[in-house]
Amino acid sequence: MNLNDCLPHGLLLLGCGNMGSAMLRGWLDRGLSAKNVWVIDPHPSEWVHSIGAHVNAKLPSNVSVALLAVKPQIVQKALPSLSALANSKTIFLSIAAGISIEAYESILGSASIIVRAMPNTPAAISQGITALIGNSNANDVALELSETLLSAIGETVRLERESQMDAVTGLSGSGPAYVFFLIDALAAAGRKQG
């Protein structure tokens, strides 16, 4: 599937930190043209500047997908900058933990297409599992496009109801960090014992 054809109006990344960059790398590796990408980030990396994307440039009047890849505590402050895209055909795909679909609708309007997703840490090396669910405006086409984009960082699974996202966040999103912490603690104890 050609990503440029799937995203005729381009792709916007609101935030391009670790996860946003991992996703963008995956999309570029799958043939997405950097000239079809707009990045809004207060501190974009040298890599983001080097790929030929539109970095902190004037936004187009319409984009196919707006990926919301900012920290949850920044969402309320950053999202109004995309209000011109609200209530349109733009798919708002969020990977911010803990922000409900209702919260997005309160900022972007109830007619907006919202897909909430939760990737996990292995997504940084394209081996993740991402759970997703859409609001009532997210039809099968919107969900399939979201799955296509998220497959760049691993496998996807659709949830039946949004309340399941809390379990996904706790187990899949945060769980690997606890395993890494345990492994690190065991290695430190081994070093201490000689």
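The values are calculated or read from the model by the stated rules, or taken from the named source; none is laboratory data. Every value quoted in this text rests on a predicted model; they were computed, and no experiment measured them. Don't worry about glycine lacking a Cβ; one is built from the backbone with ideal geometry, like all the others, and counts go over all protein chains shown. Heavy atoms of the whole protein, side chains included, go into the accessibility calculation; ligands, DNA and RNA do not. Shrake-Rupley method; radii C 1.70, N 1.55, O 1.52, S 1.80 Å.
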What is the number of the single condition among (1) among the acidic types (Asp, Glu); (2) without any contact (Cβ under 8 Å) to a residue 24 or more places away in the chain; (3) part of a strand (DSSP E or B) that Glu155 does not meet? (2)
Lys35 passes all but one of the listed conditions (1) open to solvent by 40 Å² or more (accessible area, probe 1.4 Å); (2) part of a helix (DSSP H, G or I); (3) closer than 25 Å to Ile129 by Cβ; the exception is number (3)
If you take the residues in the stretch 140-151 that are modelled with pLDDT of 90 or more and of a type in the set (S, T, N, Q), which one is farthest from the chain's Cα centre (by Cα)? Thr148
Can you confirm whether Ile91 is surrounded by 21 or more Cβ atoms within 10 Å (Cβ to Cβ), closer than 20 Å to Asn4 by Cβ, touching a helix residue (DSSP H, G or I) at 6+ places or on another chain (Cβ under 9 Å) and in contact (Cβ under 8 Å) with a residue 24 or more places away in the chain? yes
Which of the residues that make up the stretch 94-124 are open to solvent by 60 Å² or more (accessible area, probe 1.4 Å) and among the hydroxyl-bearing types (Ser, Thr, Tyr)? Ser106, Ser110, Thr121
Filter the stretch 17-32 down to the residues that are part of a helix (DSSP H, G or I) and open to solvent by 40 Å² or more (accessible area, probe 1.4 Å), then identify the one that is farthest from Ser45 (Cα to Cα). Asp29
What are the pairs with Cβ atoms under 7 angstrom where one residue, in the stretch 23-44, is closer than 17 Å to Val63 by Cα and in contact (Cβ under 8 Å) with a residue 40 or more places away in the chain and the other, located anywhere, is surrounded by fewer than 15 Cβ atoms within 10 Å (Cβ to Cβ) and not small (Gly, Ala, Ser)? Sequence gap at least six, or different chains. Ile40/Asn56
Out of Ser88, Ser81, Ser61, I need the residue that is more than 15 Å from the chain's Cα centre (by Cα) and assigned to a helix (DSSP H, G or I). Which one? Ser81
When the residues of the stretch 152-167 are filtered to those that are open to solvent by less than 40 Å² (accessible area, probe 1.4 Å) and under 15 Å from the mean Cα position of the chain (by Cα), which remaining residue is modelled with the lowest pLDDT? Met165
